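Enquirer: For reference, the structure I am asking about is given below.
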Amino acid sequence: MVRLELSIELRYDVGVPGGDFVFNIHGAHTRSQVIQSESLLISQAVTSEIFTIEATHNRYLRLSALPGPLQVNYNAVLDLHHVVAQAADVFEVPVAQLPPEVLSYIYPSRYCQSDRLSAVAMAEFGYMQRGYSRVKCIENWVRSHVCYTSNTSTSTTSAIDTLVDRVGVCRDFAHLMIALCRALSIPARFVTGIDFGSNPLLRPSDFHAYVEVFLGNRWYMFDPSGIAIPMGFVRFGTGRDAADVSFATIFGDVMTQAPVIHVAALTHPDGLWEQPRHRDEAISTDAANAYATVGSD
């Protein structure tokens, strides 16, 4: 088990007549991510609402802000439980045997135009043995063909754009890997969280996008950008692509300041808590396998 402590500070200058916000910055409540404590502080005395989408466990904070400064602070201590498997034992699930709730993650989406990447995916990966190793090759291919460069993409950049431009940030790496997986009929989804272990030479800790791929009847984690440590990922939002899980959706005349984020792995005096580290095995946060009855043949 990994225990993490995180803090998020968001600052805005809201214009007249005010602004509406929908945030996705709360840790998701799942079987493998247990929130030990959390707090939320909103600088303005306004009414807010927190609600959860049951299908994805995404938690949202909605509020209407008054003109002037707005600060939102979220703090939490969370326990992460992982399932670790040997890569050779993790298989691809045929489409005919996918659980119904997984099917939406094999279709093209706004930023992951998998239907336009079939030729590339088949040429690069179609000949490979199916399973975790093939998906790992997709992850490595994206990492080697795209250069992580800040401020090189926008909110409209898609997987096709990233394939052409060969530069991007974490969301772009994730979109391209997801699109390539789906082009091979491998379910893949977009996840947002915090980039524990981010390379400080690239940037300070920030919101992070990574990939989960449905293999061996579980969702396994991949980080095609390579800038963070999957064992330290805190799940905020899960969706088909970035359109589903923006950490902040803003309506109105609002000026945004850079977020201030801190995340740290806590230690236990008896050594009961692991420190996040890079591992060669397949890592999943499906602590309880809800899909165990699906066949593997």
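The values are calculated or read from the model by the stated rules, or taken from the named source; none is laboratory data. Fair warning: this is a prediction, and the values are worked out from it, not measured in the lab. A quick note on method: Cβ atoms are made from the backbone with ideal geometry, for glycine too, and the neighbour counts reach across all protein chains shown.
Enquirer: Identify, by number, the condition in (1) over 15 Å from F236 (Cβ atoms); (2) of a type in the set (K, R); (3) modelled with pLDDT of 95 or more that R59 doesn't meet.
Expert: The failed condition is (1).
Enquirer: Tally up the residues in segment 20-42 that are surrounded by fewer than 15 Cβ atoms within 10 Å (Cβ to Cβ), farther than 19 Å from W219 by Cα and not charged (D, E, K, R), please.
Expert: The qualifying residues number 4.
Enquirer: Would you confirm, using the coordinates I've provided, whether S205 is within 16 Å of I8 (Cα to Cα), in a loop (DSSP other than H, G, I, E, B) and modelled with pLDDT under 95?
Expert: It is true that S205 is within 16 Å of I8 (Cα to Cα), in a loop (DSSP other than H, G, I, E, B) and modelled with pLDDT under 95.
Enquirer: Next up: What tally of residues in segment 265-283 results from selecting those that are outside any loop (DSSP other than H, G, I, E, B) and under 18 Å from the mean Cα position of the chain (by Cα)?
Expert: Counting residues in segment 265-283 that are outside any loop (DSSP other than H, G, I, E, B) and under 18 Å from the mean Cα position of the chain (by Cα) gives 2.
Enquirer: In addition: What number of residues within segment 1-32 are modelled with pLDDT under 95 and not in a loop (DSSP other than H, G, I, E, B)?
Expert: 0
Per-residue answers, yes or no, for (1) within 26 Å of I227 (Cβ to Cβ); (2) among the charged types (D, E, K, R); (3) at pLDDT below 95:
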site: V95; (1), (2), (3): no, no, no
site: R130; (1), (2), (3): no, yes, no
site: L163; (1), (2), (3): yes, no, no
site: R182; (1), (2), (3): yes, yes, no
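Enquirer: Turning to a different aspect of this structure: Output yes when any residue across segment 186-196 is among the basic types (K, R), buried (at least 24 other Cβ atoms within 10 Å of the Cβ) and in the same structural domain as R130 (by TED's automatic domain parsing), and no when none is.
Expert: Yes, there is a match, as at least one residue in segment 186-196 is among the basic types (K, R), buried (at least 24 other Cβ atoms within 10 Å of the Cβ) and in the same structural domain as R130 (by TED's automatic domain parsing).
Enquirer: Sticking with this structure for a sec: Would segment 253-264 turn up any residue that is at pLDDT below 95, in a strand (DSSP E or B) and farther than 30 Å from A65 by Cα?
Expert: Looking through segment 253-264, at least one residue is at pLDDT below 95, in a strand (DSSP E or B) and farther than 30 Å from A65 by Cα.
Enquirer: Condition (residue is crowded, with 17+ Cβ neighbours inside 10 Å and under 16 Å from the mean Cα position of the chain (by Cα)) applied to segment 135-148: is it met by at least one residue?
Expert: Yes, some residue in segment 135-148 is crowded, with 17+ Cβ neighbours inside 10 Å and under 16 Å from the mean Cα position of the chain (by Cα).
Residues checked against (1) assigned to a strand (DSSP E or B); (2) touching a helix residue (DSSP H, G or I) at 6+ places or on another chain (Cβ under 9 Å); (3) closer than 19 Å to A85 by Cα:
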position: V164; (1), (2), (3): no, no, no
position: R171; (1), (2), (3): no, yes, no
position: H175; (1), (2), (3): no, yes, no
position: L180; (1), (2), (3): no, yes, no
position: I186; (1), (2), (3): no, yes, yes
position: R189; (1), (2), (3): yes, yes, no
position: F196; (1), (2), (3): no, yes, no
position: S225; (1), (2), (3): no, yes, no
position: A228; (1), (2), (3): no, yes, no
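Enquirer: Condition first: hydroxyl-bearing (S, T, Y) and in contact with a Phe, Trp or Tyr (Cβ under 7 Å, 6 or more places away or on another chain). Now tell me which residues in segment 21-65 satisfy that.
Expert: Matches in segment 21-65: Y60 only.
Enquirer: Name the single residue, out of those in segment 152-170 being free of Cβ contacts under 8 Å to residues at least 12 places away in the same chain and of a type outside the set (S, T, Y), that is surrounded by the fewest Cβ atoms within 10 Å (Cβ to Cβ).
Expert: Going through the qualifying residues, I end up with V164.
Enquirer: Identify the single condition in (1) touching a His at 6+ places or on another chain (Cβ under 7 Å); (2) without any contact (Cβ under 8 Å) to a residue 24 or more places away in the chain that E49 does not satisfy, given that it satisfies every other one.
Expert: Unmet condition: (1).
Enquirer: Would you mind finding the one in R240, R235 that is of a type in the set (K, R), crowded, with 23+ Cβ neighbours inside 10 Å and in contact with a strand residue (DSSP E or B) (Cβ under 7 Å, 6 or more places away or on another chain)?
Expert: Testing whether each residue is of a type in the set (K, R), crowded, with 23+ Cβ neighbours inside 10 Å and in contact with a strand residue (DSSP E or B) (Cβ under 7 Å, 6 or more places away or on another chain) leaves just R235.
Enquirer: Sort out which residues of segment 37-63 are assigned to a strand (DSSP E or B) and within 21 Å of the chain's Cα centre (by Cα), and write them in order of number.
Expert: E38, I50, F51, T52, I53, N58, R59, Y60, L61, R62
Enquirer: Please go through segment 64-96 and pick out each residue that is in contact with a Ser or Thr (Cβ under 8 Å, 6 or more places away or on another chain) and either in a helix (DSSP H, G or I) or without any contact (Cβ under 8 Å) to a residue 12 or more places away in the chain (or both).
Expert: Scanning segment 64-96 gives A87, A88, V95.
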